[in-house]
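Engineer: There's a structure below that I have some questions on.
The values are calculated or read from the model by the stated rules, or taken from the named source; none is laboratory data. Just so it is clear, the model here is predicted, and its values are computed rather than measured. Positions of Cβ are backbone-derived with ideal geometry, glycine not excepted, and every protein chain shown enters the neighbour counts.
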């Protein structure tokens, strides 16, 4: 008979379970005693916030699906039924509807934090790639979810975005026909999008599991971007960062609640309160705010195929970011030029979002093209050149020296520092 795993839990029931399925031991190891760099700031809260948002979105989505009808003749009315007749249906829908925006807010900040502190660099390249896959799946899920209420913007947004695939030679029209389930956006399209919108969040859960697994294998990055040198550089995840994350979670949920209870439709489009009408085109078709930068890139190129390639390329380029940035230093704290250009890149992305919200006429056209050009210039030209030309500032010998010794002062009593490794 195989020897059972020895459990250290005092509770007999937990010990019995742990000896046969050591899940409690694994959770203690990975989420309680897990050694974590002692210098995390509040930007490291956003990974936990993203996970909590995902759980809330799945829970509210499953409950909403119980009363939703994925039929072009019933979808719009079923949403009104949820809002008016289902107990607390209005709350479920407003949490879910605004949750999409909250999810993108925390995800975008999480990605920006990774870019600023160099969390995509070796040995965390696969960790970063899994994060980009999550972003791509999140965009697809959000787009399909936006179609489900079957309002004017839902219908015409689906028509415009799915038509983009027709730009691809040979296979384009076949992809569009498959997405539509016919030759126009109709009932089969809505059924497909509903099925995929329900399925993809669980796919995201699987990729998030791999993302967290990769994080625990390589270890987390930190604001200094230097490797952990000794036990004095770390603290247990619990109670230090569970407490810190709890503060962030409370603040974030309060921020979310402000939109749910006071401005529930502020981030939506008024046209989506009108039932879909294939015979009446809205004056301006725009996606949700979190997709506007990519929509602006699409419209910045006169050629349809070129615009589609630029739009998808703006996401695909993130996959190769670990190899485009050739600097041996991770954190922007020690990269004076990079610390400036990363904020120029952020400004370009924000401006693209503003451009995407306006019709492509007048001054908005050259502004959109200039920002699109800088978006790719940052990745393809600036990052490789900075790795050669930029002179980084001296790095601290260890996290403990930087945190407790004032950067260059003596180490705290009992702490030792190994020779500095190349970051």
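Engineer: Give segment 255-299 a look and list any residue that's under 16 Å from residue 149 (Cα atoms) and in a helix (DSSP H, G or I), or say none.
Structural biologist: 270, 271, 272, 273
Engineer: If you don't mind, another one. For segment 212-237, what are the residues that are at positive phi, in contact with a strand residue (DSSP E or B) (Cβ under 9 Å, 6 or more places away or on another chain) and either surrounded by 19 or more Cβ atoms within 10 Å (Cβ to Cβ) or not assigned by TED's automatic domain parsing to the domain that holds residue 104 (or both)?
Structural biologist: Just the residues of segment 212-237 that are at positive phi, to begin with: 219, 225.
Remaining after also requiring in contact with a strand residue (DSSP E or B) (Cβ under 9 Å, 6 or more places away or on another chain): 219.
None - no residue of segment 212-237 is at positive phi, in contact with a strand residue (DSSP E or B) (Cβ under 9 Å, 6 or more places away or on another chain) and either surrounded by 19 or more Cβ atoms within 10 Å (Cβ to Cβ) or not assigned by TED's automatic domain parsing to the domain that holds residue 104 (or both), so the list stays empty.
Engineer: Check segment 152-161 and report whether any residue there is over 23 Å from residue 106 (Cβ atoms), part of a loop (DSSP other than H, G, I, E, B) and in contact with a helix residue (DSSP H, G or I) (Cβ under 8 Å, 6 or more places away or on another chain).
Structural biologist: Kept after step one, since they are over 23 Å from residue 106 (Cβ atoms), are these residues of segment 152-161: 152-161.
Filter again for part of a loop (DSSP other than H, G, I, E, B), leaving none.
Scanning segment 152-161, I find no residue that is over 23 Å from residue 106 (Cβ atoms), part of a loop (DSSP other than H, G, I, E, B) and in contact with a helix residue (DSSP H, G or I) (Cβ under 8 Å, 6 or more places away or on another chain), so the answer is no.
Engineer: Still on this structure, I have one more. Let me confirm something: among 176, 185, which residue is in contact (Cβ under 8 Å) with a residue 12 or more places away in the chain and assigned to a helix (DSSP H, G or I)?
Structural biologist: Numbers: 185 fails: assigned to a helix (DSSP H, G or I).
From the options 176, 185, the qualifying one is 176.
Engineer: I would also like to ask the following. Kindly list the number of the only condition in (1) within 22 Å of the chain's Cα centre (by Cα); (2) surrounded by 14 or more Cβ atoms within 10 Å (Cβ to Cβ); (3) more than 18 Å from residue 41 (Cβ to Cβ) that fails for residue 271.
Structural biologist: Here residue 271 clears every test but (1).
Engineer: I need a count of the residues in segment 225-254 that are within 24 Å of residue 115 (Cα to Cα), over 25 Å from the mean Cα position of the chain (by Cα) and assigned to a helix (DSSP H, G or I).
Structural biologist: Selection size over segment 225-254: 1.
Engineer: Something else: Regarding segment 200-211, can at least one residue be identified that is in the same structural domain as residue 163 (by TED's automatic domain parsing) and either without any contact (Cβ under 8 Å) to a residue 40 or more places away in the chain or on the phi > 0 side of the Ramachandran plot (or both)? So that I can check it myself, show each step before the final result.
Structural biologist: As a first pass, look at segment 200-211 and keep what is in the same structural domain as residue 163 (by TED's automatic domain parsing): 200-211.
Narrowing further to those that are either without any contact (Cβ under 8 Å) to a residue 40 or more places away in the chain or on the phi > 0 side of the Ramachandran plot (or both): 206, 209.
Looking through segment 200-211, at least one residue is in the same structural domain as residue 163 (by TED's automatic domain parsing) and either without any contact (Cβ under 8 Å) to a residue 40 or more places away in the chain or on the phi > 0 side of the Ramachandran plot (or both).
Per-residue answers, yes or no, for (1) surrounded by fewer than 17 Cβ atoms within 10 Å (Cβ to Cβ); (2) in a helix (DSSP H, G or I); (3) at pLDDT 95 or above:
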position	(1), (2), (3)
5	yes, no, no
13	yes, yes, no
27	yes, yes, no
30	yes, yes, no
45	no, yes, yes
61	no, yes, yes
68	no, no, yes
73	yes, no, yes
77	yes, yes, yes
